[in-house]
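The values are calculated or read from the model by the stated rules, or taken from the named source; none is laboratory data. All values reported here derive from a predicted model rather than from experimental measurement. Glycine gets a Cβ as well: all are built from the backbone with ideal geometry, and neighbour counts include every protein chain shown.
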Amino acid sequence: MAAQQKWVYLADPTDYGFDHLTDEGATVWDGVKNSRAQNNMKKARAGDLVLIYHTAPDKAITGIAKVTAGARPDPKNADRVVVDLEPVRKLKRPVPLAELKADEVMSTLSFVRMPRVAVWPVTDEQWDAVLAASGTKVG
């Protein structure tokens, strides 16, 4: 069995944010168009954990989700993939972009430097830094 991976997925909170995911209990994560993001999303497997980052206007990591079904072809567009997500928990405190940029570890999150790519891997060190900054304990 492959090791659990960790990711950050960018979401437009006015279109579909973490609260929508929590209200629905699960979703098919689709609409990712960027080829680099698609290539990253193809690596997602059931059990992987995902930080959800809200783009403008929030600009903050707000919650944690879990991949429940790994990448598969998007039924609406065969050139893309989708994954299934369910919410794990809302962060105790959102971690805003300014705080991510100011922290030595969190500033290395790939989306901080390349915000147009909506799916990025996250290292254990980055993951732990985000959780510590948010005051959230998981597990």
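Assorted remarks:
- Residue within segment 95-108 that is in contact (Cβ under 8 Å) with a residue 40 or more places away in the chain and either surrounded by fewer than 17 Cβ atoms within 10 Å (Cβ to Cβ) or not in a strand (DSSP E or B) (or both) present: no
- Of residues in segment 111-126 being more than 12 Å from the chain's Cα centre (by Cα) and part of a helix (DSSP H, G or I), the one surrounded by the most Cβ atoms within 10 Å (Cβ to Cβ): Gln126
Residue-by-condition table, conditions (1) touching a Pro at 6+ places or on another chain (Cβ under 9 Å); (2) modelled with pLDDT of 95 or more:
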{"site": "Ala11", "(1), (2)": "no, yes"}
{"site": "Gly17", "(1), (2)": "no, yes"}
{"site": "Thr22", "(1), (2)": "yes, yes"}
{"site": "Ile61", "(1), (2)": "yes, yes"}
{"site": "Lys66", "(1), (2)": "yes, yes"}
{"site": "Ala78", "(1), (2)": "no, no"}
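- Note on segment 20-76: among residues that are over 17 Å from Leu109 (Cβ atoms), among the charged types (D, E, K, R) and without any contact (Cβ under 8 Å) to a residue 40 or more places away in the chain, the one that is surrounded by the most Cβ atoms within 10 Å (Cβ to Cβ) is Lys66.
- Here Leu51, Leu97 are screened, and the one residue that is at pLDDT 95 or above, under 12 Å from the mean Cα position of the chain (by Cα) and either over 21 Å from Gln4 (Cα atoms) or not acidic (Asp, Glu) (or both) is Leu51.
- Assessment of segment 47-64 against the conditions (in contact with a helix residue (DSSP H, G or I) (Cβ under 6 Å, 6 or more places away or on another chain), under 15 Å from Tyr9 (Cα atoms) and of a type in the set (D, E, K, R)) yields at least one matching residue.
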